[in-house]
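The values are calculated or read from the model by the stated rules, or taken from the named source; none is laboratory data. Not measured: the values here are computed from a predicted model. For neighbour counting, all protein chains shown are included, and Cβ atoms are generated from backbone atoms with ideal geometry for every residue, glycine included.
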């Protein structure tokens, strides 16, 4: 099997996990679901030889989706991104690469397709643009990035005609896109 076209659903959940459950149950036509600002729910504290602070946390899951996210040891410092991959694509050997980008709000995922390796990036950048700055400042020799998507928290008149200003953070995003030979695409509903 070779992937020719990919369908990505990307959404900021604003910490509403009920919406994630609905998406996981209804959006099977998508290959990838990129979620930003999910809510990690503490289930209970767990005993640990390392620390007394460890807790068991939960995120929405569904049997038709593989889950890729950094681990969370607390709900206070939990990752803001999670990627769900449709189980029908499991033969493509997906991997999460914290060895390349070790940032809680950047999820770099690779997969093999037709003997080539490809990458997808799901990210959440807060109002101070921490994830974007990290991505720009971290030297990584990666090619074949298909998409960087997520919530960049950049208000700009380039993609919202009702917003009157240009953001300097937009320039940072375009520098990163240029580095990876990516172009701005318009999302579809």
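Answer yes or no: is there a residue in the range 137-146 that is outside any loop (DSSP other than H, G, I, E, B), surrounded by 12 or more Cβ atoms within 10 Å (Cβ to Cβ), out of contact with any helix residue (DSSP H, G or I) (no Cβ under 8 Å at 6 or more places or on another chain) and at pLDDT 90 or above. Yes: the range 137-146 contains one or more residues that are outside any loop (DSSP other than H, G, I, E, B), surrounded by 12 or more Cβ atoms within 10 Å (Cβ to Cβ), out of contact with any helix residue (DSSP H, G or I) (no Cβ under 8 Å at 6 or more places or on another chain) and at pLDDT 90 or above. State whether one or more residues within the range 160-172 are modelled with pLDDT of 90 or more and buried (at least 19 other Cβ atoms within 10 Å of the Cβ). So far as the range 160-172 goes, no, none of its residues is modelled with pLDDT of 90 or more and buried (at least 19 other Cβ atoms within 10 Å of the Cβ). Scanning the range 137-178 for residues that are more than 19 Å from residue 8 (Cβ to Cβ) and touching a residue at least 40 places away in the same chain (Cβ under 8 Å) yields a count of 3. Residues in the range 17-45 that are part of a helix (DSSP H, G or I) and either modelled with pLDDT under 90 or out of contact with any strand residue (DSSP E or B) (no Cβ under 8 Å at 6 or more places or on another chain) (or both): 17, 18, 19, 20, 21, 22, 25, 26.
So that you can scan it fast, the table gives a plain yes or no per residue for (1) in a helix (DSSP H, G or I); (2) farther than 29 Å from residue 26 by Cβ; (3) without any contact (Cβ under 8 Å) to a residue 24 or more places away in the chain; (4) over 17 Å from the mean Cα position of the chain (by Cα):
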| residue | (1), (2), (3), (4) |
| --- | --- |
| 82 | no, no, no, no |
| 103 | no, yes, no, no |
| 120 | no, no, no, no |
| 135 | yes, yes, no, no |
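Screening 187, 90, 128 for residues that are modelled with pLDDT under 85, surrounded by fewer than 18 Cβ atoms within 10 Å (Cβ to Cβ) and under 24 Å from residue 38 (Cβ atoms) leaves exactly one candidate, 187.
Looking only at residues of the range 149-159 that are in contact with a helix residue (DSSP H, G or I) (Cβ under 7 Å, 6 or more places away or on another chain) and surrounded by 15 or more Cβ atoms within 10 Å (Cβ to Cβ), we find that the one that is modelled with the highest pLDDT is 152. Looking only at the range 56-71, residues that are modelled with pLDDT under 85 and either surrounded by 16 or more Cβ atoms within 10 Å (Cβ to Cβ) or closer than 20 Å to residue 102 by Cα (or both) come to 5 in all.
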